[in-house]
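Enquirer: Dropping the structure in here first, questions after.
The values are calculated or read from the model by the stated rules, or taken from the named source; none is laboratory data. As the structure is a computational prediction, the values presented were derived from the model and not from experiment. Reconstructed Cβ throughout: ideal geometry from the backbone, glycine too, with neighbour counts over all protein chains shown. Quick note on the areas: whole protein, heavy atoms, side chains included, nothing else; ligands and nucleic acids left out. Shrake-Rupley method; radii C 1.70, N 1.55, O 1.52, S 1.80 Å.
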Amino acid sequence: MSVNVLYKTSAKATGGRDGHAATLDGALDVKLTTPKELGGGGGAGNNPEQLFAAGYAACFIGAMKFVASQGGPKVPADASVTSTVGIGPRSAGGFGLTVDLAVSLPGVPRAEAEALVEKAHQVCPYSNATRGNVDVKLSVV
C-alpha cells in the first residue's frame, strides 16, 4: 500500500523512557519518565503512552470532522475523545498496547454518533496503523 505523504515531522529521543524527546523543529520538547507501574521512578515528565494517547485522541477528532465533511453528521464544537492507552506483557512475548477511545458528541443522536465513530475509525491514520496489531475499543459516551 502506498501513501501520498502530505506532511512529515521528525522527533529525536535520547535516554529512552527516562530521557528526553523533541521534534526537530522545536515545537514539542518533553522530559520522559518511566511510570512506577513499569518499574520507574515516576515523577515529573511524560511517557510514550501519554503522548500516543494524546495524539490518537486529537487525530480521531480530525477523522470525525473529515467524515462529517463527506456528508456525516456535524461534529459539535464541544466534542471530545478520551483515549486510554494501556501497556503490558503479551501472552506471545514482548509487550503490547491496548486502546480505549471514549467519544463524546453532545447533541448528536446516539445512532448517528455511533455510525460517525465507526466511519472515523476506518479513516483515522492511527486506527489504520493499529488495526490488526492493537486491541482498540470504541465507545460513545
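Enquirer: As a test of the formula, what do you get for the chain when each DSSP H run with n ≥ 4 contributes -39,500 (n - 2.57) and the sum is divided by the residue count, at 222 nm and rounded to the nearest 500 deg cm²/dmol?
Expert: Rounded to the nearest 500, it is -9500 deg cm²/dmol.
Enquirer: Which of the lysines could a cross-linker span from LYS8 if the Cα-Cα distance has to be under 27 Å and same-chain partners fewer than 8 positions apart are dropped?
Expert: LYS31, LYS65, LYS119
Enquirer: Among bridges DSSP assigns within the chain, what percent are antiparallel (round to 5)?
Expert: Counting DSSP beta bridges with both partners in the chain, the antiparallel share is about 70 percent.
Enquirer: From the phi angles alone, apply the Karplus equation (6.51, -1.76, 1.60; θ = phi - 60°) to the stretch 58-63 and give each ³J(HN,Hα) in whole Hz, x where the residue is Gly or Pro.
Expert: The phi angles translate into 5, 5, 5, 5, x, 5 Hz.
Enquirer: Can I ask one more? Once you list every other residue whose beta carbon is under 14 Å from the beta carbon of PHE95, what net charge do they have if Lys and Arg are +1 and Asp and Glu are -1?
Expert: -1
Enquirer: Add +1 for every Lys or Arg and -1 for every Asp or Glu among the other residues with Cβ under 13 Å from the Cβ of PHE66, and state the total.
Expert: Computed value for this residue: +3.
Enquirer: Any idea what % of Cα-Cα pairs in the chain are farther than 18 Å?
Expert: 63
Enquirer: Karplus couplings for the stretch 9-21 from phi (6.51 cos²θ - 1.76 cosθ + 1.60, θ = phi - 60°), rounded to Hz, Gly and Pro as x?
Expert: 9, 9, 9, 10, 10, 10, x, x, 5, 10, x, 8, 9
Enquirer: What full-extension length gain, to one decimal in nm, is calculated for ASP25 and PHE66 as 0.36 nm per residue of separation minus the Cα-Cα distance?
Expert: 12.1 nm
Enquirer: Hey, can you grab everything whose amide H is under 5 Å from the amide H of ASN46? Only 5+ residues off in sequence or another chain; H modelled, so Pro and N-termini drop out.
Expert: The answer is LYS31, LEU32, THR33.
Enquirer: If you don't mind, another one. Apply the Karplus curve 6.51 cos²θ - 1.76 cosθ + 1.60, θ = phi - 60°, to the phi angles in the stretch 97-105 and return the couplings in whole Hz, x for Gly and Pro.
Expert: 10, 10, 9, 10, 10, 9, 9, 10, 10
Enquirer: Further, regarding this structure: Over the chain, what percent of the accessible surface lies on carbon and sulfur atoms, probe 1.4 Å?
Expert: In the chain, the share of accessible area belonging to carbon and sulfur is 56 percent.
Enquirer: While we're looking at this one, here's another question. So how much slack lies between THR14 and VAL141, counting 0.36 nm per residue of separation and subtracting their Cα-Cα distance, in nm?
Expert: So the chain would gain 41.9 nm between THR14 and VAL141.
Enquirer: Can you work out the accessible area per residue across the chain, with the rest of the protein chains kept in place, probe 1.4 Å, in square angstrom?
Expert: So the chain comes to 62 Å² accessible per residue, rounded to a whole number.
Enquirer: Here's another thing I want to ask about it. Given a cut-off of under 8 Å on Cα pairs at least six residues apart, what relative contact order in percent is computed for the chain?
Expert: 17
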